[in-house]
Amino acid sequence: MEPARKKNTLIDLATASPAPRNRIGSPSRNRRADQREKGASPQVVDTATTKTSDITQVTLTRSFLVNKLNFINFSNRTVRLKFKHTRFDRTITLKLKPLPCQGERIDLQWSQEDRLISRLKSFVFDSILIPDGQKLIRAEAKIISMNQTGISLHLPETCHQISNRKMRRYTGRNVDVQMVQSSSLFRGRLLDFNAVTFRVELEAGAQQTFEWINPESSVSVILSDGADTYYSGECKILRHCRCNANMHYVLEPISRAIHRYRQKEFRSERLEINPSPDIYFTHPLTKKPLSLKVVDLSGSGFSVEEDELNAQLLAGLTISEVDVRFSNNVSVNCKAQVVYRRVCNEGKRGVWVKCGLAIIDMDTENNVKLLSLLHQANNRYSYICNQVDLDALWGFFFESGFIYPDKYAYIEANKDRIKNVYEKLYTQSPSIARHFIYQEKGNILGHMAMVRFYEDAWLIHHHAAKKSALNKAGLIVLKQIGHFINDSYRLNSIHLKHVMMYYRPNNRFPSRVFGGACQHIDDPKCCSVDAFAYVHLPVAPGPVAAIASPWELNPAQPEDLAELQDFYEYDVGGLMLKALGLDSDRIGRTGLEEEYRRLGFKKEKHLFALKADGLLKAIILVNITDFGFNLSNLTNCIKFIAVDPEKLTGDIFKKVIFKLNEKFPFEELTVLVNPVSFAEAIQLPYEKIYNMWIMNTRFSDPYFRYLERLLKHVN
């Protein structure tokens, strides 16, 4: 069945049964008219509901009609005049431009497309029609004069506002359509839509026929503008009709919700903010601005409310730029997608539509801004990337025991340089760093920080809490990091595919939290721990002799990393290589190093392969950062990963390290050796062991399930 065109729809609404009207000459009506002419506010004269339950009609005053006509003139829009055929049951509507109006008379000019009044020889004037959203204003005026320029009308004392309870349809603007069924692709354009269905016009190519489309089967539809894709999904065909050589299809998405991401047990926490923010965006299908009230909000998405009859958000619709604006003039920008729409009926609130939107991506600055607001709303003592009193922070580090005497002896000589690095990290909110603080009455009680140290991995470090508040502050900042992970791991701009942390096995708290989680999960592809021997070597006093044959040290090649991958998968099977960026396809990537330099930090990464007789013996990763970037110097060191320790002696090991130190002079020569058994086999004296804990953020539910037991007593 062919869907009614917009003009016909207007005519159908206009011919709805009119409400009863008072006689024009009644004294009470004349008194009310006199009051309105003196400037009283327009008021409803009478209301009535027609026999059709979806249509209601309200009688309004002439002053209301005049104000509406002047607004249309101000907006450079048109009205429609309806004419009836003198002999047949036929009507036409023509567009005219109203001129400014002050009283009973209105002058209108023919629009460019309806200039010829010769079309009206067999028609008589019936009424003025003014589309107004889901409403139609209809006025039965009388003709004063009509010529080639325009028409003058005498306005009646009352007009009728007819409301249609059906969902409003919106005109699509510059939206291309691709519809696919059974490998047949048809192209066209979007005509109109609402939140439930949309209507498209398709063209058939020279070698195509619309007979290829089976209206009883579903179709795949893509809405785009050539640059961005706004919607894609499976739809069923509700109606179709031919329009000249083209076809019109009314389509309904099969699903009212989409599953963009895998289901998670532990999801971002939704909060109701008071006062609630609003979202502002340009609708991708109408190209018109739209604002909606936010119902609830989290770091990964939000829901908004729409009027049931004026809803415009289709499930699956992607919006490239959304501003979430708070009452304190703070706004957060993101890219979002409608993932569900749900009709709600809540007592006094009535019927409304709740639409959920997932945040697809946002830059690091907006991510920090949003999460800091949410963390504060959830717990007023919790802060993320706030402005920190550095003297208070350093005092906290010493008081909490995070900087103990041996560690301070190690960093004391470079304390001024370290202070400079931390000033940039904590006061300039760089995109590569996050810090989480629990603070009451100006006193820092708990602290945790993390940096993006590898392309797709963030390193947690500097976890500390005052002992008097360990069970509260230490766990709360740990919980904050959990929220950050859950809220941000899907965002491409954050690069949070893995989260990692170094801890010493004899340190009870991280061993219980991170080591315990790994044992509980028992899946190395979700969470793994790799041990490193921590070695300090003295800097060589002079030139180091060249490495003799059959040994050779050269920059690592993709095939070397592929062999390392085979060895590691066979021996361990954990996450270390992916987290450290030791995949064979990542050689040569410098994006993160360039980001560090842009922010005023030093960051270098170099990969070498140690071979004997052409056989790979070890992969060596050289990380160079500002001294004190990590106070244990775990980010400014050499990682030595032994692949085949046969013939690899302690002397060869030291010669290789000293040779690298010639190329990359370290002030403190720190080496992390894996596996620890290799360090023991070559009798390498190491000071301690560091466990490197890594979690794949896509599979974080088991970790949060384990952590929940530790945090159940934290509000």
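All conditions but one from (1) closer than 29 Å to Tyr489 by Cα; (2) surrounded by fewer than 16 Cβ atoms within 10 Å (Cβ to Cβ); (3) in contact (Cβ under 8 Å) with a residue 60 or more places away in the chain; (4) not hydrophobic (A, V, I, L, M, F, W, C) apply to Lys287; the one that does not is (1). I'm trying to understand the selection: among the residues of the stretch 171-209, which are assigned to a loop (DSSP other than H, G, I, E, B) and either under 28 Å from Glu308 (Cβ atoms) or outside the structural domain of Tyr231 (by TED's automatic domain parsing) (or both)? Answer for the stretch 171-209, where residues must be assigned to a loop (DSSP other than H, G, I, E, B) and either under 28 Å from Glu308 (Cβ atoms) or outside the structural domain of Tyr231 (by TED's automatic domain parsing) (or both): Gly172, Arg173, Asn174, Val175, Asn194, Ala195, Val196, Thr197. If you check Val529, Val539 for being over 30 Å from Asp701 (Cβ atoms), β-branched (Val, Ile, Thr) and surrounded by 11 or more Cβ atoms within 10 Å (Cβ to Cβ), only one passes: Val539. If the condition is being at pLDDT below 95 and either assigned to a helix (DSSP H, G or I) or among the polar types (S, T, N, Q) (or both), then the stretch 519-553 contributes Gln519, His520, Ile521, Ser549. Inspection of the stretch 241-252 identifies at least one residue that is assigned to a loop (DSSP other than H, G, I, E, B) and modelled with pLDDT under 95.
Restricting attention to the stretch 432-447, the residues being more than 17 Å from Ile494 (Cβ to Cβ) and in a strand (DSSP E or B) number 9. Contact map, the stretch 505-521: residues that are among the β-branched types (Val, Ile, Thr) paired with residues that are outside any helix (DSSP H, G or I), Cβ distance under 8 Å, separation 6+ or inter-chain. Pairs shown: Ile521/Cys527.
Conditions (1) surrounded by 15 or more Cβ atoms within 10 Å (Cβ to Cβ); (2) assigned by TED's automatic domain parsing to the domain that holds Gly482; (3) over 36 Å from the mean Cα position of the chain (by Cα); (4) part of a loop (DSSP other than H, G, I, E, B), marked per residue:
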{"residue": "Leu607", "(1), (2), (3), (4)": "yes, no, no, no"}
{"residue": "Leu621", "(1), (2), (3), (4)": "yes, no, no, no"}
{"residue": "Leu648", "(1), (2), (3), (4)": "yes, no, yes, yes"}
{"residue": "Asp651", "(1), (2), (3), (4)": "no, no, yes, no"}
{"residue": "Lys659", "(1), (2), (3), (4)": "yes, no, yes, no"}
{"residue": "Leu672", "(1), (2), (3), (4)": "yes, no, yes, no"}
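Within the stretch 560-597, the set of residues being in a helix (DSSP H, G or I), over 24 Å from Lys663 (Cα atoms) and touching a Ser or Thr at 6+ places or on another chain (Cβ under 8 Å) comprises Ala562, Gln565, Met576.
Look at (1) modelled with pLDDT of 90 or more; (2) surrounded by fewer than 22 Cβ atoms within 10 Å (Cβ to Cβ); (3) among the aliphatic types (A, V, I, L, M) and you find that Leu470 fails only one, number (1). Among residues of the stretch 572-589 that are over 20 Å from Asn554 (Cβ atoms), those with a Cβ under 9 angstrom from a residue that is surrounded by fewer than 16 Cβ atoms within 10 Å (Cβ to Cβ), sequence gap 6+ or separate chain, pair up as Gly573/Lys525; Gly574/Lys525; Leu575/Lys525. If the condition is being within 28 Å of the chain's Cα centre (by Cα) and surrounded by 18 or more Cβ atoms within 10 Å (Cβ to Cβ), then the stretch 231-256 contributes Tyr231, Gly233, Cys235, Leu251, Pro253.
The values are calculated or read from the model by the stated rules, or taken from the named source; none is laboratory data. Here the structure is a predicted model, which means the values were calculated and not measured. As a convention, Cβ positions derive from the backbone with ideal geometry for all residues, glycine included, and neighbour counts pool all protein chains shown.
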